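So the structure is just underneath, and the comments pick up after that.
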Amino acid sequence: MAALDDPADLIRVVADPLRLSILGRSAEGRIEVNEVAAAFDVPVRKVAEAVGKLRAVGLINDELRLDRKALQAAVRKLPTAEEAAAAITDGPWTSEEKELLSRFFSGTRLTEIPTNRTKRQLVLERLAQEFEPGFRYQEQDVNFRLQLFHSDYAALRRYMVDEGLLTRAEGVYWRSGGRYPTGGQPD
């Protein structure tokens, strides 16, 4: 039995749609090759090969059931997300807000734009800290700064304008909202 020592091996094994489906069914109980072949309209030989591959790497045991311990051991070898950088959570945030920011950042990268408006507002307020109050920015400069955090900089820019954190006029942007470290909004 080959071990899944490299996380990429786990991904390669389960990335195949048929093997992934078989793995899912094996979590429910014993795999019946003929039933799986009929359910997915694939030749029995293909299902048998896929089951053989999953057995060879130890994800399915001799009883043709998921080996949960082997799967958990393989998953533990997968890389974990980097914690949010201190630069992200330092600032005018409560402990609850710092914890929430930590959920959405890996290092200094925003892992996803929150769909929940309250959570998104906090993330946008954090991003607003990257813009100097009173300074005017060309759109390409705003895009560049936001792209450092997330590839969908256009959505972030739109959200920041919609939420009043940035104001736009004649192609120029400036910070118009969010928290200010000196105790107030500049004139």
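Rule-based calculations on the coordinates, nothing more; no lab input. Just so it is clear, the model here is predicted, and its values are computed rather than measured. Don't worry about glycine lacking a Cβ; one is built from the backbone with ideal geometry, like all the others, and counts go over all protein chains shown.
Would you mind calculating the relative contact order of the chain from Cα pairs under 8 angstrom and at least 6 residues apart, reporting the percent as a whole number?
It comes to 15 percent, rounded to a whole number.
In what order do GLU28, GLU112 fall by count of nearby beta-carbon atoms within 10 Å, going from fewest to most?
Fewest-to-most ranking of GLU28, GLU112: GLU28, GLU112.
Could you list PHE135, PHE40, PHE105, PHE149 so that the one with the fewest beta carbons within 10 Å of its beta carbon is first and the one with the most is last?
Final ranking by Cβ density, sparse to dense: PHE135, PHE40, PHE149, PHE105.
Counting Lys and Arg as +1 and Asp and Glu as -1, each charge on the Cβ, what is the dipole of segment 7-76 about the Cα centre in debye, to the nearest 20?
My answer is approximately 220 debye.
With springs only between Cα atoms under 10 Å apart, run a GNM on the chain and tell me which of GLU125, GLU35, GLU83 wobbles the most.
Per the Cα network of the chain with a 10 Å cutoff, GLU35 tops the list.
Antiparallel DSSP bridges in the chain: what percent, to the nearest 5?
So the antiparallel bridges amount to about 90 percent of the total.
If we count other beta carbons within 10 Å of each Cβ, what is the order of THR89, THR108, fewest first?
With the fewest neighbours first, THR89, THR108 line up as THR108, THR89.
Helix-derived [θ] at 222 nm for the chain: sum -39500 (n - 2.57) over DSSP H runs of at least 4, divide by residue count, nearest 500?
Counting only the DSSP helices, I get -14500 deg cm²/dmol.
Magnitude of the Cβ-charge dipole of the chain, K/R +1 and D/E -1, about the Cα centre, nearest 20 debye?
320 debye
Please compute the contact order of segment 7-76 in relative form: average sequence separation of alpha-carbon pairs under 8 Å and at least six residues apart, divided by the residue count, as a percent.
This gives 33 percent for segment 7-76.
Taking the dipole about the Cα centre of segment 86-187, with the C-beta of Lys and Arg at +1 and of Asp and Glu at -1, give me whichever of PRO114, ALA87, TYR180 is farthest to the positive side.
The one lying farthest along the dipole's positive direction is PRO114.
Which one of PHE105, ILE11, VAL142 has its Cα pushed farthest toward the positive end of the charge dipole of the chain, where Lys and Arg give +1 and Asp and Glu give -1 at the Cβ?
Going by the charge dipole, the pick is ILE11.
Check the straight Cα-Cα distances from LYS46 and name the aspartates and glutamates below 17 Å, setting aside those fewer than 8 residues away within the same chain.
ASP16, GLU32, GLU35
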